[in-house]
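These notes concern the structure reproduced below.
Bear in mind that the values in this text are calculations on the coordinates, not laboratory data. Everything numeric in this text was worked out from a predicted model, so none of it was measured. When we count neighbours, we look across all protein chains shown, and the Cβ atoms used for this are built from the backbone with ideal geometry, even at glycine.
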Amino acid sequence: VDPETGLSADQFLNYLTQATFFAVFLLTAWAAVRVPRRARINTALFFGVLAFIIAMQWLTAAIHLPANPLFGALTGGLLMTMPYLMLRLVDDFSGVPPRVMAAGAGGMIVSIALVAALPLWPSDAPVRFPITVLLVLYFVVLSGYVAVQLVLGSRRASGVTRRRLQAAAAGCALLALVLLLILPSTLLPALRPVWMVASRLVGLASGLAFFIAFAPPPILRRAWQEPELRAFLGRAARLPRLSSTEAIVWEITRGVSASLGAPAATVGLWDQDDQLMRYAPLDPEGAWTDAPAHLYLAGRAFSTQRALLSDNAERDDPESADVYRAAGTRAVLAAPITAGSERLGVLVAYAPHPPIFADDDLVLIQLLADQAAVILESRKLIDDAARVRAREEVTRLRDDFLSSAAHDLKTPLTTLLAQAQLMERKAERDPTAPADARGIKRLVVETRRLNGLVLELLDAARAEHGRILGLLELTDLVALANKVAARLTTDRHPIRVAGDSRAVAEVDSMRIDQVLSNLIENAAKYSPDGGEVEVRVWQEDSRVSFSVTDRGIGIPAADLAHVFDRFHRGTNVDDRQFAGMGLGLYICRAIVDAHHGEIAVASTRGVAGGGAEGGAGASDNGTTFTVTLPLSQPPGDLDTLSSLK
Amino acid sequence: VTNGPILVVDDDPNILDVVSELLDMEGYRVATAANGAEALRFVEEQRPSLVLLDMRMPVLDGWGFAKELKARGMHLPILVMTAAQNARLWAEEIGAQGYVAKPFEVPALLDAVEKLRAN
C-alpha cells in the first residue's frame, strides 16, 4: 500500500486492467464504426461487454451505491456471455463447427439464467457452491476448447496470422485462468487478496493478448510480417534465374502467402495472344487453369489495375460464388502485376476467414505484386536473350553448313564448266585440232570428285533424318574387312587384317563397308609418309569390334572431341592436301549409332623432333578408331529399317 | 597500266590450270600462285597488270593478301573470283575492282578481265 495515495497494489492493478480493457474497447469500437465488418463488430462487442461491466463498477463506486444483488446478477450475466462472444471471434478467425456454436449459445443462456437465479438462495445455502463450480466449469471448458482450436489453427497458419492466432489462444487460456483463480478465493477466503492480485494480473495479460490478436495495431502487424517479407525479398533477386517460369511463380506464391499470413496464394499470368489469364495451381504438381480476363475478383483487380480486398468473396463476386464456396474462400486480396505499362498478370491471396487480412495489407500486396513484376520481367528478358542467342547460333550453324557445302560443291563445278567451255571454244576455233586428252581426263576426274561430294552430302542428310540403314543381314566382319583391305591396299599404305578368324553380326553390310573404307582411307590420307594400316576384328561376349590403326600425323588432343562433328577438319590438316567435306566421320558415327554401336578414337602425337612435319618422329604418332557393334539388332528396328530399303 | 602478266591465285590446281589455259588462249601472259603468300612473293619480283584472286585459301587468304598489298603501298587491279554467296561484299571489303562468282561463265570472266585491263 502506497502511504501517500492509500492505493493498494490490488487496487492499482484493478484500475490498470480496467483502463486497458476500456481503451481496447474504444479502439475496437472506433474500428468497427469506421469499417463495419463482422469480425470487427464481434471484437467490439466482446470488449464492449467488459467495458460495460467496468463502467458499471465505476458508476456504483462513484455514487456509493450499496451492494445491489441486481447489479451483481447483471454483471455476472454479462460475464457469462463472454465465452460465447469469444467463440464467435474464433469462428470469424478460423472457423468453429455449427454444433459447437449452438452448444456455446445454449450454455450461455443456461448460465445467465443460473447467475440470475443465484441471488434467490441465501448466501450460505449449500446449493450455491456447486452452481458456482458449474458456471466456472462452463466458462473454463469453453475457453479451453477455443484456446486449443486456436493453437491448432496457428499450427496450420503462417506469418502474421500464426502470431495472431497464438495471441488469441493465449488470451482465451488466460481468461479461463482468471475464472479458475476465483474458485480458490471462495474456498480459502483468508488468502483472498493474493488470489485477487493474481487474477487481476492474469486478466490484464488476457486483455492485452486479445487486443493484439483481434485488433493488432498496424505497427505490430508490420513487425510480424517483416521476417517473412525479408526472407522473400532476400530470395527475390535469385528467382529470375530459376529453371522455369513455373518454378518462379511457385516461389512467388510461397513468399506472398507467408508474408501475408494467407493459407494460399496464386499468380495469374496474362497471355496477350490468347487474351486469357493463366492461373498457377495452388500446389506445385497441379495444372494451370485458364480464365477470361474479367473473371474472379483477381480479374477485377487486373482489369481495373487496382489492388482490392474483399472480406466476402461470394457477396462481392456473385458470378463466381460457387467457385469460392467450393474452395472455402471467404476473403480475397488481389493486386495487378504490372511492369511499367506492360500488364503481366495478377497476384492473389486467399483466406477462409476474413480477419486474416487487414486494410493495410492492400499496400503490402501491391508492393509484393510490384516485386513479382520485376522478377517476371527480368525472367522475360533473360528468356528473350537466350532465344536470340539460340536463333543466332542456329543461323550461324546453317550458314556454316550451307556455305561450306556450297563452296565445296562449286569448286569442282567451276573446273567442269570452265574446262568444258574452254574445249568448246578450242573446237570452234580449230575444228580439226586433235582431241584435248588432258582436258577430257580433267572432266572425268572432277565429275567423280563432284559425285563423291554429292553422295557425302546425301548420306549426311539421310543420317540427320535417321534413315541411313538399309537391309540388315548376318555378315562376317572378318570376311568384309579382308574384302575392303584387298580393295584399298597400296604399296605406300599396305593393309594388314588381324584378330579373330570369324565374327558374325547382324549389320547393313554396305554401310559397315563404307565405315571401314572411310576409316582406312583416312588412315592412309593422314599418313602422308606412307606406312602400314592395321585392321583388327574381334568378338567379345555379345559384341563385335573392329579397329583401324595408323602411324600417321595423329590428331591433336583439342580436336579429338570434335572429330565426329559435321564439317570438322583437324587443325593440323591442310584443307587442300586432304580433299573432302569433313562429313566422313560424321556419317561413320551416324551409321554406327544406327546399329546401336559405339565408335571411339584414340590418338598420340609425338612431341619430340618436329613429329609430323619432319617425318622423323612419325612412328611416335598414330590414331586408332574402334567400332563396337552388338551381335544383333532389336527386332522392332529390323522391320522398320528393312522396309525402308 | 603496265604490260605485266595476269596473276591467277587459287588453291585448287584444276581451276588454276583451266583459267591459265583460257587466258593464254586469249593472248594474255599468265602467272599462277596457289595462295596469298605465293602471290605476294610474285608481286615483289614483277608487277602484274591484274590479279584474279580466290578468297578462301590456306596459308594466306584473299583478305590477307589485299591487306599486305595495301601495307606495302602497292595498288593493283584485283578481280575477285569466289564460290561464296557474298562475292560482291567480299570484293568491296578488300577494295577490288570487280568480281566473278564461281562457277563462272567463261565469256563473263573474259569480259571482266578485258574491261579491267583496258582501264
Original post:
How far is it, in nm, from the label point at A:A117 to the one at A:N451 when both lie 7 Å from their Cα along the line to the Cβ?
Top reply: 12.0
**OP:** Multiply the residue gap between A:L152 and A:S243 by 0.36 nm, knock off their C-alpha separation, and tell me the result in nm, one decimal place.
**Re:** 29.1 nm
Original post:
Along the charge dipole of the protein assembly as shown, which of A:S154, B:L50, A:P281 sits closest to the positive end, that is, farthest toward it, with unit charges on the beta carbon of Lys, Arg, Asp and Glu (+1, +1, -1, -1)?
Top reply: A:S154
**OP:** For region B:3-119, build the charge dipole from Cβ charges (+1 Lys, Arg; -1 Asp, Glu) around the Cα centre, then report which of B:L23, B:A33, B:F65 sits farthest towards its positive end.
**Re:** B:F65
**OP:** Please name which of A:M108, A:T75, A:V96 has its Cα lying farthest along the dipole of region A:9-117 towards the positive end, using unit charges on Cβ (Lys, Arg +1; Asp, Glu -1) and the Cα centre as origin.
**Re:** A:V96
Subject >> Kyte-Doolittle mean at least -1.0, axial Cα span of 20 Å or more - DSSP H helices of chain A >> reply: A:9-34, A:38-62, A:69-94, A:98-117, A:128-156, A:159-187, A:192-214, A:218-236, A:245-260, A:361-429, A:437-464, A:509-525
Subject >> For chain A: relative contact order, % (alpha-carbon pairs under 8 angstrom, 6 or more apart) >> reply: 8
Original post:
Restricting to chain A, what percent of DSSP beta bridges are antiparallel, rounded to 5?
Top reply: 90
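Over all directions, how big on average is the projection of the convex hull of the alpha-carbon atoms in the protein assembly as shown, in square nanometres? Intermediate values should be presented prior to the final figure.
On the way: hull surface 242.3 nm².
In nm², the orientation-averaged hull projection of the protein assembly as shown is 60.6.
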**OP:** Arrange the following residues from fewest to most other Cβ atoms within 10 Å of their Cβ: A:D383, A:D274, A:D508, A:D593.
**Re:** A:D274, A:D383, A:D593, A:D508
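Nothing charged except the Cβ atoms of Lys and Arg (+1) and of Asp and Glu (-1): what's the magnitude of the dipole of the protein assembly as shown about its Cα centre? Round to the nearest 20 debye. Don't jump to the answer; show the numbers that get you there.
On the way: 73 positive and 85 negative charges, 646 e Å.
Using only the charged Cβ atoms, the result is roughly 3100 debye.
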Original post:
Taking the Cα centre of each part, how many Å lie between region A:449-510 and region A:520-544?
Top reply: 12
Subject >> Gain upon complete extension [A:D370, A:R128; 0.36 nm per residue less C-alpha separation] >> reply: 80.7 nm
**OP:** Give the dimensionless ratio obtained when the Cα radius of gyration of chain B is divided by 2.2 N^0.38 Å.
**Re:** 0.94
**OP:** Treat every Asp and Glu Cβ in chain B as -1 and every Lys and Arg Cβ as +1, leave all other atoms uncharged, and give the resulting dipole magnitude about the Cα centre to the nearest 20 debye.
**Re:** 460
Subject >> Computed [θ] at 222 nm, helices only, for chain A once each DSSP H run of length n ≥ 4 contributes -39500 (n - 2.57) >> reply: -20500 deg cm²/dmol
Original post:
Using alpha-carbon positions, what is the distance between the centroids of region A:81-114 and region A:252-275, in Å?
Top reply: 36
Subject >> A:W538 versus A:R387: modelled label distance in nm, points set 7 Å from Cα along the beta carbon direction >> reply: 5.4
Subject >> Extension gain (nm, one decimal) between A:R502 and A:E473, 0.36 nm per residue minus Cα-Cα >> reply: 8.9 nm
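So for each of A:27-35, B:78-86 I average, over its residues, the number of other beta carbons within 10 Å; can you give me the resulting order with the highest mean first? Don't jump to the answer; show the numbers that get you there.
On the way: A:27-35: 15.7, B:78-86: 21.3.
In descending order of packing, they fall as B:78-86, A:27-35.
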Original post:
Can you count the Lys pairs in the protein assembly as shown with C-alpha separation below 29 Å, eight or more apart or on different chains?
Top reply: 20
Original post:
Average partner chain C-beta neighbours within 10 Å, per residue of A:404-415?
Top reply: 5
**OP:** Could you tell me the distance between the Cα centroids of region A:204-249 and region B:93-119, to the nearest Å?
**Re:** 76
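Counting other beta carbons within 10 Å of each Cβ, put B:D111, B:D10 in order, fewest first.
Values: B:D111 13, B:D10 29.
Going from least to most buried by this count: B:D111, B:D10.
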Original post:
Counting partner chain Cβ atoms within 10 Å of every residue's Cβ in B:105-113, what's the average?
Top reply: 2
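Considering every Cα-Cα pair within region A:260-313, what fraction, in whole percent, is farther apart than 17 Å?
On the way: 586 of 1431 pairs.
Above the 17 Å cut-off, region A:260-313 has 41 percent of its Cα pairs.
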**OP:** Return, ordered by residue number, the residues of region A:224-242 whose backbone nitrogen is under 12 Å from a label point located 7 Å along Cα→Cβ of A:A339.
**Re:** A:240-241
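Could you work out the relative contact order of region A:76-184? I mean the mean sequence separation of Cα pairs under 8 Å and 6+ apart, divided by the number of residues, in percent.
Values: 88 pairs, mean separation 30.3, N = 109.
28 percent.
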Subject >> Base-10 log of normalised Debye intensity for region A:97-174 (one unit scatterer per alpha-carbon) at q = 0.18, 0.25 Å⁻¹ >> reply: -0.79, -1.09
